Structure formats: structure tokens, C-alpha cells
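Novice: Pasting a structure here, questions to come.
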Amino acid sequence: MKHVIHFGDTLKGSAVDRYTPYALVVDDDPIIRMDARAILKDAGFRCFEAATPEQAFDILDRSGKSIRLLFSDVNMPPSDLTGFDLAHRCARDWPEISILIASGGVTPEPGDMPEKAEFITKPFSADVVREHLRRLLPDGRQPTPLREQASSD
């Protein structure tokens with residue numbers, strides 16, 4: 001299994017430190033993962049990346065305590081699992097992780113997502129992602145760049 005983990009990122013010109021929170025981006029499309037990672041990095045996150053729910057579970061098992069946000073697609077072939085499956089297990093096993101689900105082809109039905117999860121449609125913009133992050137994460141859990149972007153909006 002290949003995991004792309006970026007430790008050397010910089011945020012707003014300063015080195016990432018041990019207090020910078022992690023997000024886990026899960027999407028089978030590497031371009032969408034790259035776009036989501038760039039948006040989250042700009043919002044103040046370091047990112048783990050996975051192409052399947054199975055890879056995401058491996059990362060969560062190893063690093064779940066340091067992850068603050070799960071950002072996931074819904075359908076990720078060839079996996080039989082969906083982003084909804086991932087979100088439910090994440091909510092059960094790592095309830096402190098906030099969950100944002102994105103899809104361009106699926107609209108969630110009642111019960112598809114955990115209670116506190118948010119949903120956005122693809123294609124998404126940085127502004128839409130940041131708006132949902134502000135709703136998902138209370139002020140004390142928002143990375144500094146995300147809070148600063150809110151005050152300048």
C-alpha cells in the first residue's frame with residue numbers, strides 16, 4: 001500500500017511544527033487529492049493521503065490520535081467500501097475527528113453519513129471547503145490560518 005505523507009510543508013511562510021493539525025484526504029483521483037490537499041494546507045493542515053478506504057483505515061490505525069479532519073470522496077473503485085463506510089467507522093472509532101465528505105455523483109440519503117459529518121458536492125471551491133471547515137471545527141480546533149482567513153473574509 002502506498003501512502004503519501006507530507007511532513008516538509010510550509011504554512012504561510014513558516015515551518016510546520018508539531019502543533020499543526022493533520023487532515024486525512026481520501027480520494028481515488030490523485031488530482032482531486034492534490035487539490036484538496038492544497039486547500040487544506042492553505043487552511044493550516046498537514047495532510048496524510050490515501051486512495052482507498054482500506055489505505056485510510058491503515059493510516060487511522062497508526063495515526064488516528066493526531067488527525068483532526070477526515071476529507072473523503074464517496075466512491076473509490078476498486079474498493080467495495082465507500083467514503084460513507086469510512087466515515088461511519090471513523091466516527092465510531094475516532095469520534096474526535098471531524099468529517100467532510102465530497103462527491104460529484106452521489107447525494108447522501110438519511111443515514112448515509114454520521115450525524116456530525118458535512119457534505120459538499122464536487123467540483124468544490126476553496127471557499128466552500130473553508131466554510132464547511134469553520135462549521136465542523138469549533139474555534140479552538142481550527143488551525144490558525146483558517147481562523148485568520150475567516151476574519152479577513
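Novice: Going residue by residue through the range 28-39, is there one that turns out to be modelled with pLDDT of 95 or more, more than 19 Å from LEU136 (Cα to Cα) and of a type in the set (Lys, Arg)?
Specialist: Within the range 28-39, one or more residues are modelled with pLDDT of 95 or more, more than 19 Å from LEU136 (Cα to Cα) and of a type in the set (Lys, Arg).
Novice: Suppose we filter the range 28-59 for residues that are part of a helix (DSSP H, G or I), among the small types (Gly, Ala, Ser) and in contact with a strand residue (DSSP E or B) (Cβ under 7 Å, 6 or more places away or on another chain); how many remain?
Specialist: Here the count works out to 2.
Novice: I would also like to ask the following. Quickly run through the range 129-153 and pick out the residues that are β-branched (Val, Ile, Thr) and over 18 Å from ASP27 (Cα atoms).
Specialist: THR144
Novice: Select from the range 57-86 the residues that are small (Gly, Ala, Ser) and more than 12 Å from the chain's Cα centre (by Cα) and write down the one among them that is surrounded by the fewest Cβ atoms within 10 Å (Cβ to Cβ).
Specialist: Top of the filtered list is SER66.
Novice: Let me ask something additional. Whether any residue in the range 9-24 is modelled with pLDDT of 95 or more and closer than 18 Å to ILE120 by Cα is what I want to check.
Specialist: There is at least one residue in the range 9-24 that is modelled with pLDDT of 95 or more and closer than 18 Å to ILE120 by Cα.
Novice: Also, quick follow-up: Could you please let me know if LYS116 is in contact (Cβ under 8 Å) with a residue 24 or more places away in the chain and in contact with a helix residue (DSSP H, G or I) (Cβ under 8 Å, 6 or more places away or on another chain)?
Specialist: So LYS116 passes the test.
Novice: What are the pairs, 6+ residues apart or on separate chains, where a residue within the range 57-70 that is in contact (Cβ under 8 Å) with a residue 12 or more places away in the chain and farther than 17 Å from ARG37 by Cβ has its Cβ under 8 Å from a residue that is among the hydrophobic types (A, V, I, L, M, F, W, C) and loosely packed, with under 12 Cβ neighbours inside 10 Å?
Specialist: Hits for this filter: ASP58/MET1.
Novice: May I ask you to list pairs of residues, at least six apart or on different chains, whose Cβ atoms are under 9 Å apart, with the first in the range 137-149 being closer than 16 Å to ILE39 by Cα and the second being surrounded by 15 or more Cβ atoms within 10 Å (Cβ to Cβ) and among the aromatic types (Phe, Trp, Tyr)?
Specialist: From the range 137-149, the pairs are PRO143/PHE45; PRO145/PHE45; LEU146/PHE45.
The values are calculated or read from the model by the stated rules, or taken from the named source; none is laboratory data. Keep in mind that this is a model prediction, so the values were computed, not measured. Neighbour counts are summed over all protein chains in view; Cβ atoms, including those assigned to glycine, are modelled from backbone coordinates with ideal geometry.
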